[in-house]
Amino acid sequence: NFQPRNVGDSRVIGTEIEIRKDFSFLGEGFERFSINSNVSIINSKLEMADVEFQSRLANARDDETIEDTRKMQGQAPFLINAGLSYTGFKNGMEAGLYYNVQGRTLAIVGINDKPDVYDMPFHSLNFNATKRFGLNERSQVGLGVSNILGQTIRRKYRSFGSSDQIFSKLDPGSAVTVRFRHTF
């Protein structure tokens, strides 16, 4: 059973750095290639409502210290995105390899003797390519490959003094998508 409750005050502070650069400095032909990346680092703190704090105190284990604050549910401590792209303006070809990961994130707030549940990092690597062709380039064919690394999506219970236990596990596998589009 999960019980939504109102919570106390919270604060979120963070920073994001973004980098975009083409490879034209390497010489002719490389201007079509570019790299982009952004990294976000976020610190969140939530003052627990009294009912949550008292519940955690009552269910604390030996030597466990209970603070009156916790991380915000749903807020990742970091996000990393990166991509390598090719854009061929003259040949109608575009392609890219893209990576994304976010840090361990509080997904479900535990209450009473139920521990918190966290989304574990999922390393997503995807490829997309499209080619425009035909009269006025009104036709397009595309290829996509998702979850190239074959990662599993995991949520885990985390509790003081014990090893993490699986809450849920989803193995989406890798997927290949072929697309065709024509604009009339």
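The values are calculated or read from the model by the stated rules, or taken from the named source; none is laboratory data. This structure is a prediction, so every number in the text was calculated from the model and none was measured. Methodologically, a virtual Cβ is constructed for each residue, glycine included, from the backbone with ideal geometry; neighbour enumeration extends over all protein chains shown. Areas reflect the complete protein model, heavy atoms only, side chains present, ligands, DNA and RNA absent. Shrake-Rupley method; radii C 1.70, N 1.55, O 1.52, S 1.80 Å.
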Scan of segment 62-75 for residues that are touching a residue at least 40 places away in the same chain (Cβ under 8 Å) and not charged (D, E, K, R), ordered by number: MET72, GLN75
Tell me which residues, restricted to segment 87-119, are at pLDDT 90 or above and touching a helix residue (DSSP H, G or I) at 6+ places or on another chain (Cβ under 6 Å). THR87
Sole exception among (1) closer than 30 Å to PHE133 by Cβ; (2) of a type in the set (Val, Ile, Thr); (3) surrounded by fewer than 12 Cβ atoms within 10 Å (Cβ to Cβ) for THR65, by number: (1)
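Only one of these is farther than 30 Å from MET72 by Cα and touching a residue at least 12 places away in the same chain (Cβ under 8 Å): VAL141, VAL117, VAL101. Name it. Steps first, answer last, please.
Working: VAL117 fails: farther than 30 Å from MET72 by Cα; VAL101 fails: farther than 30 Å from MET72 by Cα.
When all the criteria are applied, what remains is VAL141.
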Considering only segment 158-170, I want to know if a residue exists there that is open to solvent by 50 Å² or more (accessible area, probe 1.4 Å), closer than 21 Å to LEU97 by Cβ, modelled with pLDDT of 95 or more and among the β-branched types (Val, Ile, Thr). no
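So which of ILE111, ILE148, ILE153 is surrounded by 12 or more Cβ atoms within 10 Å (Cβ to Cβ) and touching a residue at least 60 places away in the same chain (Cβ under 8 Å)? Break it down into steps so the answer makes sense when it comes.
Details: ILE148 fails: touching a residue at least 60 places away in the same chain (Cβ under 8 Å); ILE153 fails: touching a residue at least 60 places away in the same chain (Cβ under 8 Å).
After applying the criteria, what remains is ILE111.
Looking at ILE17, ILE42, ILE13 in this structure, which one is at negative phi, surrounded by 10 or more Cβ atoms within 10 Å (Cβ to Cβ) and at pLDDT 95 or above? Lay out the reasoning, then the answer.
Details: ILE17 fails: surrounded by 10 or more Cβ atoms within 10 Å (Cβ to Cβ); ILE13 fails: surrounded by 10 or more Cβ atoms within 10 Å (Cβ to Cβ).
None of the others qualify; the one that does is ILE42.
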Take the residues in segment 45-61 that are in a loop (DSSP other than H, G, I, E, B) and either touching a helix residue (DSSP H, G or I) at 6+ places or on another chain (Cβ under 9 Å) or in contact (Cβ under 8 Å) with a residue 60 or more places away in the chain (or both), then tell me which one is surrounded by the fewest Cβ atoms within 10 Å (Cβ to Cβ). ARG61
